[in-house]
Amino acid sequence: MPTLRTITLGCKVNQYETEYLRQGFLHLGYRDAEPDDPVDLVIFNTCTVTHQADAECRKILRRLAREHPEAEIIVMGCFAAKAADEIAAMPGVSEVLTDKRQMRDCLARRGLVDVPTGISFFARRHRAYVKVQDGCVLPCTYCIIPQVRPGLWSRPVEDILLEVRQLVDNGYREVVLTGVHLGLFGRGPNDDRSVDLAELVSRLLGVDDRFRIRLSSLEVNEVSDRLLELMAENGHRICPHLHIPLQSGSPKILKRMRRRADVEYYLRRCERVKQALYYPAITTDIMVGFPGETDTDFEETCQVVETVGFAKIHIFRFSPREGTPAAEYPDQVPEHVKKERSAHLDRLAQQVRRRYIGELIGSRLQVLWEDLVTDPAGRPQAVLGMSDRYIPVRAPANLGELGELGQVDVCGFDGEFLLVGGQDCSTTLAVLNVTAD
């Protein structure tokens, strides 16, 4: 039986697409390679979000050719779309997929008669990512992705419903809806314009009542009132967690980035989210050191962070991306300044995160149990899971069953996990009162 190895860099969309192709090859008779097995086929899903990602892709491809000289290597992903000719000329590369819609053709050419429209399980995970949309057309001046995934298209609703039904039947209790630009679901030129993201979520609620839905990243103008109504009406089915990229709290910098929403609109919509939902988790992306960012601009970003009170912040230092307008801007910020601002913002992010977590103490949360902690003798000690608010939870082992949803009353926080009854919660106050500086 031929063996298969997969490597994925980058986002949830890439992870989903790797899993789709992997399952297709399993249907063709391949099996996952064990660590010491010879490998017949490698699927490498690449990322090109930064020039460092490009360099990492080249490094991995050279290593794969050395380690598996007899293997076929299929390369896909955003770096494959950007540098197809370069990749095709590298040792060991047998095929380059420059468009993810080519995955079905790849499987069909290799003899798979009934090419699947989706996946039925997600390897080594209790949460399943479901890709529903592809392509981005935003003009953000720092981003290369619209150049490598330029066409908007959405999967047929019936295919998505069937896929989710299969995943739930196979034991998955959380489905994460994802896309290159999730909020533009149903807005491509050939899409069914009668179904937007809110309508898709509404239809998914009717598939089965044994699972919950989590949404991946949405632009602030895509968090519609209809979507918030659905979330409020179905609090046990749709996680009260929204990832809404901010990037900067400076009006000047947002304009230079060509972002679609200004600061005041962003703050108004976040306040609307808080009004609609019970202690929602709002997470975000922030970039520091964008060209022209002054100390005043950075301070404005910090003020927005304080105002919103994000549950988590992904912090990125600006890195010039060849082929984007921002890479050519003259007023680049020195690297040491980026590092200083990033460190300061990280301290502030931890402070507001603890403040938000403090508001959850005493609440009842829904948790998907994902991992078991055992003692040296293998006896269960604790169960770990992810709450609906995207804060990890630790509980005594007898309070949760792996892969299942449960309700817990949160009594404390140990700096990493929310704690459930039966554990020592005495350090909570000290942990939550730590300040940023």
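Considering region 354-378, and only residues there that are free of Cβ contacts under 8 Å to residues at least 40 places away in the same chain and hydrophobic (A, V, I, L, M, F, W, C), the residue that is farthest from GLY421 (Cα to Cα) turns out to be ALA377. Scanning region 407-416 for residues that are in contact with a strand residue (DSSP E or B) (Cβ under 9 Å, 6 or more places away or on another chain) and open to solvent by 20 Å² or more (accessible area, probe 1.4 Å) gives GLN407, ASP409, CYS411, ASP414, GLU416.
Among the residues making up region 222-234, those that are within 21 Å of the chain's Cα centre (by Cα) and open to solvent by 10 Å² or more (accessible area, probe 1.4 Å) are GLU222, SER224.
Among the residues of region 319-342, those identified as closer than 15 Å to ASP285 by Cα and either of a type in the set (Gly, Ala, Ser) or open to solvent by 50 Å² or more (accessible area, probe 1.4 Å) (or both) are SER319, SER342.
Scan region 235-278 for residues that are open to solvent by less than 30 Å² (accessible area, probe 1.4 Å), part of a loop (DSSP other than H, G, I, E, B) and either within 18 Å of ILE315 (Cα to Cα) or not basic (Lys, Arg) (or both) and the total you get is 10.
When each of PRO150, PRO139 is tested for being open to solvent by 10 Å² or more (accessible area, probe 1.4 Å) and free of Cβ contacts under 8 Å to residues at least 24 places away in the same chain, the lone residue that passes is PRO150. If the condition is being of a type in the set (A, V, I, L, M) and more than 19 Å from the chain's Cα centre (by Cα), then region 108-136 contributes ALA108, LEU112, VAL113, VAL115.
Of the residues making up region 7-28, not a single one is of a type in the set (A, V, I, L, M, F, W, C), without any contact (Cβ under 8 Å) to a residue 60 or more places away in the chain, open to solvent by less than 10 Å² (accessible area, probe 1.4 Å) and touching a helix residue (DSSP H, G or I) at 6+ places or on another chain (Cβ under 9 Å). Selection of region 26-47 for residues being among the hydrophobic types (A, V, I, L, M, F, W, C) and out of contact with any Cys (no Cβ under 7 Å at 6 or more places or on another chain) yields LEU26, LEU28, ALA33, VAL39, LEU41, VAL42, ILE43, PHE44. Only a single criterion out of (1) assigned to a helix (DSSP H, G or I); (2) at pLDDT 95 or above; (3) within 27 Å of the chain's Cα centre (by Cα) is not satisfied by GLN52, namely (2). Scan MET90, MET103 and give me the residue that is in contact with a helix residue (DSSP H, G or I) (Cβ under 7 Å, 6 or more places away or on another chain), open to solvent by 10 Å² or more (accessible area, probe 1.4 Å) and closer than 22 Å to VAL176 by Cα. Testing whether each residue is in contact with a helix residue (DSSP H, G or I) (Cβ under 7 Å, 6 or more places away or on another chain), open to solvent by 10 Å² or more (accessible area, probe 1.4 Å) and closer than 22 Å to VAL176 by Cα leaves just MET103. Note on region 346-397: residues that are assigned to a strand (DSSP E or B) and either touching a Lys or Arg at 6+ places or on another chain (Cβ under 9 Å) or open to solvent by less than 10 Å² (accessible area, probe 1.4 Å) (or both) total 15.
Which residue is nearest to the chain's Cα centre (by Cα), if the candidates are limited to region 29-49 and must be open to solvent by less than 40 Å² (accessible area, probe 1.4 Å) and within 28 Å of PRO325 (Cβ to Cβ)? My answer is CYS47. Every test in (1) in a helix (DSSP H, G or I); (2) without any contact (Cβ under 8 Å) to a residue 24 or more places away in the chain is passed by SER202 save one, and that test is (2). Could you list, in sequence order, the residues of region 50-83 that are in contact (Cβ under 8 Å) with a residue 40 or more places away in the chain, in contact with a Leu (Cβ under 9 Å, 6 or more places away or on another chain) and open to solvent by 40 Å² or more (accessible area, probe 1.4 Å)? Correct list: GLU56 only. Filtered by the rule that a residue be modelled with pLDDT of 95 or more and either in contact with a helix residue (DSSP H, G or I) (Cβ under 7 Å, 6 or more places away or on another chain) or under 16 Å from ALA123 (Cα atoms) (or both), region 34-45 gives LEU41, VAL42, ILE43, PHE44, ASN45. Among the residues of region 175-192, are any touching a helix residue (DSSP H, G or I) at 6+ places or on another chain (Cβ under 6 Å), open to solvent by less than 10 Å² (accessible area, probe 1.4 Å), within 23 Å of CYS136 (Cα to Cα) and not in a loop (DSSP other than H, G, I, E, B)? Yes, there is a match, as at least one residue in region 175-192 is touching a helix residue (DSSP H, G or I) at 6+ places or on another chain (Cβ under 6 Å), open to solvent by less than 10 Å² (accessible area, probe 1.4 Å), within 23 Å of CYS136 (Cα to Cα) and not in a loop (DSSP other than H, G, I, E, B).
The values are calculated or read from the model by the stated rules, or taken from the named source; none is laboratory data. Here the structure is a predicted model, which is why all the values come from computation and not from measurement. For neighbour counting, all protein chains shown are included, and Cβ atoms are generated from backbone atoms with ideal geometry for every residue, glycine included. The protein model used for the area step is the full one, side chains on, heavy atoms only, and it has no ligands, DNA or RNA in it. Shrake-Rupley method; radii C 1.70, N 1.55, O 1.52, S 1.80 Å.
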